[in-house]
């Protein structure tokens, strides 16, 4: 069947002819749609529009309420284009990325950094300080020595682990906010932004949407990092976005639902990256203070004002454990946590929440 407009799915996902492609897609599903005087599609309310693209080793998705603004479609594609650009800047798997350049040169001399990256590194430094080092973007050598960089986890020998630990610590990173430079104070220091990069990308994508006039949207990166703004409109009613938390043992089931409104959440767990050693299940989330994998936690979810904060805090919370996180949430307004812990008898679980109102989380 010949399309009414000269556009195709490939153009649509790449960010070209987005509004025209959107009109064609809705036309095919719902019948003819009206257009505005400028020729843009006027979409019916009550439907969610999804724009998605693979980046940062996961699927990024943007959900918009149909009928609110026809210009949102082009903004969504522009936001996904920005995620691609941020991956090219932050990935340790790209030799040409800014992070790879820093890792190669910062131990020898100060390296100039892009202004927004400088802000991100300052945020990571603050969270590391506030969590007593439980969060640390310099944990790259530890992740590497345990084999998790290439998803080939294995027990390191004592000498290799000691060498990696010597190159880890926020105190080994010198940031100059005024000059926007970074310098490593020890050879072998290596940044890895895998624990904050997806959240940062969601925050930046949200800026693109907001600049285009969008006020109601939901973004996620790999479903583990989520950012909500405004409300979801369904059947004429505006409600908070409802986010499902995965069950740690039954991945096709939901543990519960969180109502998210103008906040972000991130979940950290080791369900997919782990290996067995002498009967112990060792996951990829490491305590940067000891260099060892964390045991006894199934998942930790952080809720925070921004996606970058939630992303970093979910890792820190997983490392800290419930008791320390309860204190952290009590002293940080707008931050909440949901822990899933193994109960005495498998497959029972223990769910604990801190700083999360009862009406915002419903356990199944």
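The values are calculated or read from the model by the stated rules, or taken from the named source; none is laboratory data. From a predicted model like this one, the values you see are computed outputs, not experimental measurements. FYI the Cβ positions are ideal-geometry reconstructions off the backbone, even for glycines, and counts take in every protein chain you see.
Points to keep in mind about this one:
- Taking the range 225-249 as the range and being in a strand (DSSP E or B) and over 26 Å from residue 299 (Cβ atoms) as the test, the residues that pass are 233, 234, 237, 238.
- Residue within the range 307-323 that is touching a helix residue (DSSP H, G or I) at 6+ places or on another chain (Cβ under 6 Å) and more than 18 Å from residue 223 (Cα to Cα) present: yes
- Note on the range 262-297: residues that are touching a helix residue (DSSP H, G or I) at 6+ places or on another chain (Cβ under 9 Å), at pLDDT below 90 and not in a strand (DSSP E or B) total 3.
- Selection status of residue 222, on the phi > 0 side of the Ramachandran plot, touching a helix residue (DSSP H, G or I) at 6+ places or on another chain (Cβ under 7 Å) and not assigned by TED's automatic domain parsing to the domain that holds residue 161: yes
- Conditions (1) at pLDDT 95 or above; (2) at negative phi; number of the one not met by residue 92: (1)
- Residue that is assigned by TED's automatic domain parsing to the domain that holds residue 223, touching a strand residue (DSSP E or B) at 6+ places or on another chain (Cβ under 6 Å) and either part of a loop (DSSP other than H, G, I, E, B) or modelled with pLDDT under 95 (or both), where the choices are 23, 46: 23
- Restricting 212, 166 to residues that are surrounded by fewer than 21 Cβ atoms within 10 Å (Cβ to Cβ), in contact with a helix residue (DSSP H, G or I) (Cβ under 9 Å, 6 or more places away or on another chain) and either modelled with pLDDT under 90 or under 22 Å from residue 107 (Cβ atoms) (or both) narrows the list to 166.
- Residue 82 meets the conditions (1) part of a helix (DSSP H, G or I); (2) within 15 Å of residue 189 (Cα to Cα); (3) out of contact with any strand residue (DSSP E or B) (no Cβ under 6 Å at 6 or more places or on another chain) in every case but one. The failed one is (2).
- Failed criterion for residue 244 (all others in (1) touching a residue at least 24 places away in the same chain (Cβ under 8 Å); (2) surrounded by fewer than 18 Cβ atoms within 10 Å (Cβ to Cβ) hold): (1)
Every residue, every condition in (1) part of a strand (DSSP E or B); (2) under 21 Å from the mean Cα position of the chain (by Cα), yes or no:
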position: 313; (1), (2): no, yes
position: 316; (1), (2): no, yes
position: 327; (1), (2): no, no
position: 334; (1), (2): no, yes
position: 344; (1), (2): no, no
position: 350; (1), (2): yes, no
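- Where helices (runs of 4 or more DSSP H) fall wholly inside the range 140-224, no range has 2 or more residues that are touching a strand residue (DSSP E or B) at 6+ places or on another chain (Cβ under 7 Å) and over 30 Å from residue 244 (Cβ atoms).
- Check on residue 204, in contact (Cβ under 8 Å) with a residue 24 or more places away in the chain, outside the structural domain of residue 121 (by TED's automatic domain parsing) and closer than 18 Å to residue 113 by Cβ: yes
- Lone unmet requirement of (1) surrounded by 24 or more Cβ atoms within 10 Å (Cβ to Cβ); (2) closer than 29 Å to residue 162 by Cβ; (3) touching a helix residue (DSSP H, G or I) at 6+ places or on another chain (Cβ under 8 Å) for residue 92: (1)
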